[in-house]
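Visitor: After the structure tokens below, expect a handful of questions from me.
The values are calculated or read from the model by the stated rules, or taken from the named source; none is laboratory data. In this text, all values refer to a predicted model and were calculated from it rather than measured experimentally. As a convention, Cβ positions derive from the backbone with ideal geometry for all residues, glycine included, and neighbour counts pool all protein chains shown. For the accessible areas, the whole protein counts, side chains as well, though only heavy atoms, and no ligand, DNA or RNA atoms are used. Shrake-Rupley method; radii C 1.70, N 1.55, O 1.52, S 1.80 Å.
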Amino acid sequence: AYNDFDFPNDKIEKVEALRYLYLANTNTNKNKELIIKTNNLNKLLVLCDIDLESTYKQLKLLINAINTIKFRVEITIKPHPLCSINKNDFPDLDFEVTNMPLGEIMPSYHTVFTSNPTAAVLDAYLLNKNVLIMHDCSTFNMSPLRGYKDVKFIKSSDDLVKSLTHFMKKNSYNSNNLDYFYLDNN
């Protein structure tokens, strides 16, 4: 974009957020093998939003879906660091809460359900996870993956049930080859 406006090249530095550097050292094929070996296809990682209202909408959608699904789903919720989750607020949902870094927990899951605007969806996508993104139709789609055909935007609990059933029962994987970040350990 800067080049399009004739900004001098010698004043441009290629940089990336440090939090994504761990992605440069991941092997997605090894990640898939780990999932298959540990037989954890029915584990769902839920990545929540900084906005409490959005987080509660996402979890309500999840509760409605889980109550109609025909198989057990082991749910782990990772709240946004600035928006904690109180398990007592969701007595109808059986889940664990984790605050571990994404790079440490992501290999244990093959399906991830995220809030709409969260950047954590990029971690999941770039690690070849099946990505389900809540799309709240009362607001703009702010997802960094809007427009990508291999992610599922979830508008209802029925959408979530269909997608979870597809991904968890059919052992289906996302296999993108996206070069999204500028990842250079040097």
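Visitor: Looking only at segment 69-90, filter to residues that are assigned to a loop (DSSP other than H, G, I, E, B) and among the charged types (D, E, K, R); which one of those is nearest to Thr118 (Cα to Cα)?
Guide: Arg72
Visitor: Would you mind finding the one in Leu160, Leu93 that is in a helix (DSSP H, G or I), over 29 Å from Ala24 (Cα atoms), open to solvent by less than 20 Å² (accessible area, probe 1.4 Å) and touching a residue at least 12 places away in the same chain (Cβ under 8 Å)?
Guide: Answer to the check: Leu160.
Visitor: Residues of segment 119-138 being within 23 Å of Val161 (Cα to Cα), open to solvent by 20 Å² or more (accessible area, probe 1.4 Å) and either in contact (Cβ under 8 Å) with a residue 12 or more places away in the chain or not in a loop (DSSP other than H, G, I, E, B) (or both), which ones?
Guide: His135, Asp136, Cys137
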